[in-house]
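J.: The structure's right below; bear with me while I get my questions together.
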Amino acid sequence: MGLFPFALLLLSSFFLLRFCSVYGRIPSTAEGPFKPVTIPLDKSFRGVAEDLPETDPRVQKNGAQFQPEQISVSLSVDYDSVWISWITGDFQIGDDIQPLDPEEVASIVMYGKFSMPMDNQAEGYSLIYNQLYPFEGLRNYTSGIIHHVRLTGLEPDTLYQYQCGDPSVAEEMSDVYFFRTMPVSGPKSYPNRIAVVGDLGLTYNTTSTVNHILSNHPDLVLLIGDVSYANLYLTNGTGSDCYSCSFPETPIHETYQPRWDFWGRYMQPLVSEVPLMVVEGNHEIEPQAENQTFAAYSSRFSFPSEESNSYSTFYYSFNAGGIHFIMLGAYISYDKSSDQYKWLEQDLAKVDRKVTPWLIATWHPPWYSSYTAHYREAECMKMAMEDLLYKYKVDIVFNGHVHAYERSNRVYDYTLDRCGPVYITVGDGGNREKMAIEHADEPGNCPDPFSTPDEYMGGFCAFNFTSGPAEGKFCWDQQPDYSAYRESSFGHGILEVKNETHALWTWHRNQDSYKSVGDIIYIVRQPDICLIEQKVHTYRHGKQEDM
């Protein structure tokens, strides 16, 4: 370790020790707001930002053609149900592809409680997807057969074992895997640890992140968008750190879909036994022929969409013990006339905070980030939805997109507010793109306002501030009051909800030892101060009805 990074590590440790020395214990948001802290990082530090090659044994296929691979577990809306997903058969890429027939192989899961016979059987459905390009020289792709099976009637906080595949053919069954169901929904019942990570990719940085996550033994993993980064590749497998910089003349934004298969193989040891919940990021858009988008994302993962009444892979909700999670889509319509907004309003109104006291929302691009990268890019979504989240007193918001770490003070409409959510950006999972280092409040870094819109983000909504410390300006002149802690480093976070009012949040850097903590705080709910409106809405036949 060089002198400068070592000094920064000491500086970070100093701030942690300072917090503990001032308060005699771990600080809490109830004691805030805190003065903004920035931990700078050597700008040359990126770790090993190279993707794992196709020859790496961790991404190569093992076993027979139709033996299950890329096995994963995801949650349904409550503890009594989970989804098991896997892939059989080989993908094809080239000019002459022949899609597999999903009916060739059954979609069966045999399961039972740990150490008991696997006498239960569930049958699901299967599909394939294509990534097609109507341009000469671009190679098309068709996936293996993707299977999704929902298990029901499960008991809470119970260890189960399972096998997936086609039991009519012995070679087409998986090994035995295990998962633990979530605790029953209730105010005193929570998963032990929830890992939160964004913008993961498949680099050597990613392997460090995943190893750190594994060392924390999570019960659930939240992946806040930007999964495989297959769209940093041309269809011939040529990759780049910056697609738009390196491939400006391509007729369509190509992707190299085998990177998805490599990612699924690498992640299987973790996600075959720890439930993974995903929400889409911009790198999942992946346009193709006939203006289709999000084909890989919507096909490869299971979502509790129907169970949570959204009927969309882009937004849904679920419970994990006494936590209600809301996963939102930033790259589809979100204004007040959209299906997503109407669903969100109904979902929030139905939440019983006596059963699930904690309300946590996630989506990919942050509303509150002080980094130059993607600065105020999601302002249209913020303008459309922030009031609704504040009205129902969302406790925590997790975002990715910006490749750095930042935690806010409680904030609403850019103003410190003890009843606003704590916004946490964890887009530091370790992908191939560069780390975000520059801050918008530093001299010369404030971006041109007209450079902020994204074609998928709803247009231009970010104007100069009309009040507060940044009145009349597009950027603050110093680290914003809402920004409590920021640091440029790869890593992940762990959320441990302790009871109805206290949750311990820790952030872990990749370059530190497994036991080290980069940022730590208790996030405290104050329901006696921050009153929640309780009004139930139902949405039927295009009309809202109050009850």
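The values are calculated or read from the model by the stated rules, or taken from the named source; none is laboratory data. What you see is a predicted model; the values in this text were computed from it and never measured. Here the Cβ is made from the backbone with ideal geometry for all residues, glycine too, and neighbour counts use every protein chain on show. SASA here: full protein model, heavy atoms, side chains in, ligands and nucleic acids out. Shrake-Rupley method; radii C 1.70, N 1.55, O 1.52, S 1.80 Å.
J.: I'd like the accessible area for Thr38: 1.4 Å probe, protein heavy atoms, all chains in place, Å² to the nearest 10.
T.: 40 Å²
J.: Starting from the eigenvalues of the Cα gyration tensor, five times each then square-rooted, give me the equivalent ellipsoid semi-axes of region 286-433, largest first, whole Å.
T.: 23, 21, 15
J.: For the chain, give the share of DSSP beta bridges that are antiparallel, in percent and rounded to the nearest 5; count only bridges with both residues there.
T.: Expressed as a percentage, antiparallel bridges in the chain total about 75.
J.: Sequence gap at least 6, Cα distance under 8 Å: using those rules, report the relative contact order of the chain to the nearest whole percent.
T.: Relative contact order, the chain: 17 percent.
J.: Considering only protein heavy atoms and a 1.4 Å probe, what is the carbon-and-sulfur percentage of the accessible area of the chain?
T.: On the way: 10990 of 21630 Å².
Summing carbon and sulfur atoms, their accessible area is 51 percent of the total for the chain.
J.: 5 Å is the cut-off here: which amide hydrogens, built 1.01 Å from N in the peptide plane, fall below it relative to Asp78, excluding neighbours closer than 5 in sequence?
T.: Hits under the 5 Å cutoff: Asn319.
J.: Quick one: of the DSSP bridges fully inside region 157-243, what percent are antiparallel, nearest 5?
T.: 65 percent
J.: What residues qualify as long-range amide H neighbours of Ser189, i.e. H under 5 Å apart, gap of 5 or more or another chain, H built at 1.01 Å from N?
T.: Gly322
J.: Which residues does the label zone of Asn62 cover in region 204-238, counting backbone N under 20 Å from a point 7 Å along Cα→Cβ?
T.: 204, 207-208, 210-212, 214-215
J.: If the cut-off is a Cα-Cα distance under 28 Å, which lysines reach Lys342, setting aside same-chain residues fewer than 8 apart in sequence?
T.: Candidates past the 8-residue exclusion: Lys350, Lys354, Lys382, Lys391, Lys393, Lys535, Lys543.
J.: Under a 1.4 Å probe, what is the accessible area of the chain per residue, stated in Å²? Don't skip to the answer; put the middle values down first.
T.: Working: 21630 Å² over 547 residues.
Value returned for the chain: 40 Å² of accessible area per residue.
J.: Normalised by the residues of region 107-205, what does the relative contact order come to in percent, with Cα pairs under 8 Å and at least six apart? If you can, show how the numbers build up before the last one.
T.: Working: 147 pairs, mean separation 24.4, N = 99.
The value is 25 percent.
J.: If you work out mean projected area of the Cα convex hull in nm² from the coordinates, which of (1) 31.3; (2) 25.7; (3) 24.4 do you get?
T.: Step by step, mean projected area of the Cα convex hull in nm² for this structure corresponds to label (2).
J.: Mind running the shape call on region 192-263? Use the C-alpha gyration tensor, a ≥ b ≥ c as the square roots of the eigenvalues: rounded below 1.5 for a/c, prolate if a/b tops b/c, oblate otherwise. Before the final figure, lay out each step's value.
T.: Numbers: a/c = 2.94, a/b = 2.74, b/c = 1.07.
Prolate shape, in that a/c is at least 1.5 and a/b is the bigger ratio.
J.: Rounded to the nearest 10 degrees, what's the angle between the helix 204-215 long axis and the longest principal axis of the chain, both from Cα atoms, 0 to 90?
T.: The two axes meet at around 90 degrees.
J.: I've got another one for you. When the convex hull of the C-alpha atoms of region 112-230 is computed, what volume per residue in Å³ does it have?
T.: Here the figure is 190 Å³ per residue.
J.: Let me ask something else. Along the Cα-to-C-beta direction of Thr415, a point sits 7 Å from the Cα; which residues of region 462-487 have their amide N less than 18 Å from that point?
T.: Residues passing the 18 Å test: 463-473, 476, 480-483.
J.: Considering Cα pairs under 8 angstrom that are at least six residues apart, work out the relative contact order of region 362-421 and quote it in whole percent.
T.: Worked out over region 362-421, it gives 38 percent.
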